[in-house]
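To keep things clear, I will list the structure first and then write my remarks on it.
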Protein chains: 2
Amino acid sequence: MSLTFEINSRSGKARTGRLLTPYAVIETPVFMPVGTVGSVKGVPQDTLEELGAQIILGNTYHLYLRPGVDTVRKLGGLHGFMAWRRAILTDSGGFQVFSLNELRKVSEEGVTFRSHLDGSSHFFSPESAMEAQIGLGADIIMAFDECTEYPADQARMRASMEMTARWAARSKKYFEGHKEGVPWRAASEIPTLAAEGAARMGHPGSGDSTQSLFGIVQGGMDRALRKESAERTIEIGFPGYAIGGLSVGEPRELTREIVESTLEHLPADQPRYLMGVGTPEEIVEYASLGVDMMDCVLPTRAARHGLLFTSEGKVSIKQARYAQDAGPLDPNCGCRVCKRYSRAYLRHLYASNEVLAQVLNTIHNLSFYLDTMRRVRHSISLGEESRSF
Amino acid sequence: MSLTFEINSRSGKARTGRLLTPYAVIETPVFMPVGTVGSVKGVPQDTLEELGAQIILGNTYHLYLRPGVDTVRKLGGLHGFMAWRRAILTDSGGFQVFSLNELRKVSEEGVTFRSHLDGSSHFFSPESAMEAQIGLGADIIMAFDECTEYPADQARMRASMEMTARWAARSKKYFEGHKEGVPWRAASEIPTLAAEGAARMGHPGSGDSTQSLFGIVQGGMDRALRKESAERTIEIGFPGYAIGGLSVGEPRELTREIVESTLEHLPADQPRYLMGVGTPEEIVEYASLGVDMMDCVLPTRAARHGLLFTSEGKVSIKQARYAQDAGPLDPNCGCRVCKRYSRAYLRHLYASNEVLAQVLNTIHNLSFYLDTMRRVRHSISLGEESRSF
C-alpha cells in the first residue's frame, strides 16, 4: 500500500481522518499550502514545518518548465530537491495549461501550449503528464484532466467530461506501467524514508511504496454530468478522488451546490479532494460537507497584496489607519508574527516594499488557514457542527 | 552609565571585549547587519537572533522619511517598533545624505536635501539629526558629520574636517540637553528592559540609562588631518569613536592605511567603530588592527544579487554550473541554509525570482559574517594572529 486512509470520527457529513503517504501522516480535513515552483513563496521549509503544514502542493506545469523534471529527478524528486520531508501533491498541469487561454490547443491526444516564460512550444498528454509527475516524485499525483471553462453549453460540458474520463483511463494505464520509476525508489538516501512511511502504515521495512494517483471529477456546472463523471472515474478506480473545474468564475453558491451534489457520488471510505478553494469561511464549509483535502493560492497570494485573514475579519494592512497601531495583527492568533510584531510595523514593511512584509504576511495567513483546519478537525471530532467556525 | 566597554584579551593590536548597552551585551569585535528601514531585508527578527546578531544598524535618513520619527517614537522607539530586544545603532544621516549627490546643499548650519522617495525638501542639522536619533531611540547614535568626497584637495579636506568637528560639538551639546527624551525612558513597557540592561551593567534597578553618542573622525585621505580630527573629536569627548568617510571610492590599500594610522590616535580603552566596511577578508583584517565594531551592506546586498560568501570563496549561485549540484552551499557552514538546502535548489530559487532566494541567501551571508567574527574573537582570545582567517 502506498496510501492508507482511515476515518476516525464523523459529524454530520463531515469526517476527520488520517491519510498516510510514503512521507507523512496527514490529519484530515487538511489544507495544503501551494508551493508552485518548489517553494511556498517567501517561507522557508522549517517555518512551514513549525506552522504544521503536513502536505504541500507543487505545480507540474511550472516545475516542468523550470527547473525541469530531469533536474528534480536527479536531486531525488521534489522531496530531495526542495528538502521537504513531509508529503507533497502535484497537480497534473491540466488546470495550469487551461489558465494559459490563448496559448494552448487541445486535441484528443493532449494539449499543445506555449511557455509563459519564453513562448516555447510544449505538449502535455495523459502519458507525458504522468511521466512528469512520476519524475517529480510527489506522494500524491493527479490524473491529467481538461478543466471545462465557465460558462459552457451542455454539449461542450459533456464532451469535455468524456475526454477527461478517457484521459483518466490513459493516465492510470501509464502510471501503473511506470510507477516503479519514482526517483525515491532508486535514490540511496530516500528508501529509508519510504521504509519509515511503510512502517507507519503497518508494512515495516517493505519499502516498496510508490506514488498514489488520484482521479478528477469534471462535468462543468451540471449535476447529472458530475454524477456521470464521478461514476466513470470510480469505475476506472483510484485511491482518492478530486473535484476539479470549480472556482473558474461561477457564483460561489453554484460552487457549493456542485460540490455538495458531487460528494454524494464519491466513495465514503476514500479521500475526497476539492481543488483550488477557498476563503477561510469556504474551507470550513466544504469540510463540513465531507471534503478531506483542499488547496488554494488565496492565503499566500493575498498575503503578498497585504490582505490578511484574522479572527476579526480581513485586514488590509496597507491602510494608513494602521500606521501607529501598536496592537497585534490578530489578538487571538498565536503565530510568530502576531506574537511579536505590531500592525504598525507590518504596515510599515508593506508600505516600504520590504521583502519581510511578504514573508511575515504569508506566515500569518498560512497559520490562520492551518489553525482554522485544526479547529475544524477538533470540532468534528467532538461531534460539533464545524460550520460554527 | 549608559555604555560600558571592557577589554578582555589582546593579540597584537587586536582586542576582544564586551560592550554593554541598555539593551544588550555585545561581544567585540562585532559585525553589525544593516537594517535600513527597520528590517534586515528579508530576515525575520527571530532568525537574526538565532544567527547571533547582537546589534543591528538602522539608517536615520530612511527611517526619518518613512515611517517618520514620530511614528517610531510612539511605538516605543526602534526597539519597540521593530520588536528587537537587542542593541541598535543608528547612523546620523550624514553619509546617506552625502550619497544623494545632486539632491543636497551643504551650509554651516546643516544640509538641505530632497527625499529619494518623493522629492520633498528636508533639512538635517546636527541638532535635528540628534533630535531624530533620540526619537528613534537606538542604544548608540552617531554625531552628525560631513562625509568628505573622494578625491578632494587639501583645502577641501581640511574645511570639511573642521566643519565635522564643529558639528560634533553641536551634536554633543544638543544630545546632552535632550537625551532624557529617549522614548524608552517614558514608555510603560520599556523601563523594565532598560532596568535589566542597567542591572547587567552593575547598576541594578537604576533604570536611568540613556543612549550613547559616538563621535566620528573625518579628514579625507590625509593622515595628518585624520590625526587632527581624532584629537579634536576626543577633546569634545564621546564614549566611543567612529572612523567615517572611507569606502567612498578610494583604493583598498589606502583605506587600510588611513584606518591603521587613525586607530593610533583613538583612545585604547574605548570602542572603535569603522563605518561601512567590508568584505569578509577586510573585516578580519580591520579587527586585527584593533577595530571593535563594523557594519556593511555587502553581505545582505550581495545576497540579493546571488553572490554568496563561503569558506571556499565566493559563489555566484545564479550560474548554470550549480543547476544539478546536490551539495550544500558551504560544506563547512552550519547555518540552517547549508544544513538543509542544495546548491541546485538555491540556484533554482534565484533563477525563478523566488523571494525565498533572497531570504535564504541573506541568512547564509549574515551567518558567514557573524561566524567569521566569532572565529576572529576566539582567535584573538587565544592570542593568535586573527589575520590567519
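The values are calculated or read from the model by the stated rules, or taken from the named source; none is laboratory data. These numbers come from a predicted model, not from an experiment. Glycine gets a Cβ as well: all are built from the backbone with ideal geometry, and neighbour counts include every protein chain shown. Ligands, DNA and RNA are stripped out before the accessible areas are found, and what is left, the full protein with its side chains, is counted by its heavy atoms. Shrake-Rupley method; radii C 1.70, N 1.55, O 1.52, S 1.80 Å.
See the values below:
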{"read-out": "A:Glu253-A:Asp208 FRET efficiency (beta carbon distance; Förster radius 41 Å; 0.05 resolution)", "value": "0.35"}
{"read-out": "Using alpha-carbon coordinates, inclination of helix B:154-178 to the longest axis of chain B, degrees", "value": "80"}
{"read-out": "Relative contact order of chain A, defined on C-alpha pairs under 8 angstrom at six or more residues apart (%)", "value": "19"}
{"read-out": "Vicinal HN-Hα couplings computed from phi for the range A:242-255 (Karplus, 6.51 cos²θ - 1.76 cosθ + 1.60; Hz; Gly/Pro x)", "value": "10, 9, x, x, 10, 6, 10, x, 6, x, 4, 5, 5, 3"}
{"read-out": "Sequence-distant residues sharing a close amide H with A:Gly17 (under 5 Å, placed H)", "value": "A:Asn8, A:Thr28"}
{"read-out": "A:Ser261/A:Asn353 FRET efficiency (R0 41 Å; Cβ-Cβ; nearest 0.05)", "value": "0.35"}
{"read-out": "DSSP-defined beta bridges in chain B - what % are antiparallel, rounded to 5", "value": "50"}
{"read-out": "Helix axis angle, B:223-236 relative to chain B longest principal axis, alpha carbon, degrees", "value": "60"}
{"read-out": "Residue with peak Gaussian network fluctuation, chain B [Cα springs, cutoff 10 Å], from B:Val376, B:Val337, B:Val355", "value": "B:Val355"}
{"read-out": "Neighbourhood net charge (13 Å Cβ-Cβ; Lys/Arg +1, Asp/Glu -1) for B:Ala320", "value": "+4"}
{"read-out": "Solvent-accessible ranking of A:Leu329, A:Leu100, largest area first, probe 1.4 Å", "value": "A:Leu100, A:Leu329"}
{"read-out": "A:Arg375/B:Gln270 FRET efficiency (R0 60 Å; Cβ-Cβ; nearest 0.05)", "value": "0.60"}
{"read-out": "Value of [θ]222 nm, deg cm²/dmol, for chain B, DSSP H segments ≥ 4, -39500 (n - 2.57) each, nearest 500", "value": "-12500 deg cm²/dmol"}
{"read-out": "The range B:284-366: GluC sites (Glu not before Pro) falling in loop per DSSP and having at most 11 other Cβ within 10 Å", "value": "B:Glu312"}
{"read-out": "DSSP bridge pairs, the range B:239-340: antiparallel proportion in percent, nearest 5", "value": "45"}
{"read-out": "Two-site label geometry, A:Gln319 and B:Ser311: point separation in nm, points 7 Å out along Cα→Cβ", "value": "5.2"}
{"read-out": "Between the range A:68-111 and the range B:223-242, the Cα center-to-center distance that results, in Å", "value": "63"}
{"read-out": "Beta bridge orientation in the protein assembly as shown: antiparallel %, DSSP, nearest 5", "value": "50"}
{"read-out": "Residue among B:Asp292, B:Asp46, B:Asp371 with the largest mean-square fluctuation in a Gaussian network model of chain B, springs linking Cα atoms under 10 Å", "value": "B:Asp46"}
{"read-out": "Loss of accessible area when A meets B, both sides summed, Å² nearest 100, probe 1.4 Å", "value": "3300"}
{"read-out": "Stretchable slack from A:Glu180 to A:Ala224, in nm (0.36 nm times residue separation minus alpha-carbon distance)", "value": "12.2 nm"}
{"read-out": "Kirkwood hydrodynamic radius of chain A, from inverse mean 1/r over distinct Cα pairs, in Å", "value": "21.3"}
{"read-out": "Label point at B:Glu6 placed 7 Å out along Cα→Cβ; residues across the range B:73-108 whose backbone nitrogen lies under 15 Å", "value": "none"}
{"read-out": "Helix axis angle, A:126-136 relative to chain A longest principal axis, alpha carbon, degrees", "value": "50"}
{"read-out": "For B:Ala242, distant residues with modelled amide H under 5 Å away", "value": "B:Gly215, B:Ile216, B:Val217, B:Tyr273"}
{"read-out": "Net dipole in debye of chain A [+1 Lys, Arg Cβ; -1 Asp, Glu Cβ; about Cα centre; nearest 20]", "value": "840"}
{"read-out": "Cross-link pairs A:Lys318/A:Lys339; A:Lys13/A:Lys314; A:Lys13/A:Lys227; A:Lys339/B:Lys339; B:Lys41/B:Lys179; B:Lys173/B:Lys227 - those with Cα-Cα distance over 25 Å", "value": "A:Lys13/A:Lys314; A:Lys339/B:Lys339; B:Lys41/B:Lys179"}
{"read-out": "Amide H partners (placed H, <5 Å) of A:Ser212, local residues excluded", "value": "A:Ile140, A:Ile141"}
{"read-out": "Inter-part distance where the range A:124-178 and the range A:333-387 are each reduced to a Cα centre, Å", "value": "34"}
{"read-out": "For the range B:18-32 and the range A:261-294, distance of Cα centres in Å", "value": "54"}
{"read-out": "Selected from B:Gly119, B:Gly93, B:Gly306 as most flexible by GNM, with chain B as the system and alpha-carbon contacts under 10 Å", "value": "B:Gly119"}
{"read-out": "Chain A: Cys lacking any partner C-beta under 4.7 angstrom", "value": "A:Cys147, A:Cys296, A:Cys335"}
{"read-out": "Surface share of carbon and sulfur [accessible, 1.4 angstrom probe, percent] for the protein assembly as shown", "value": "49"}
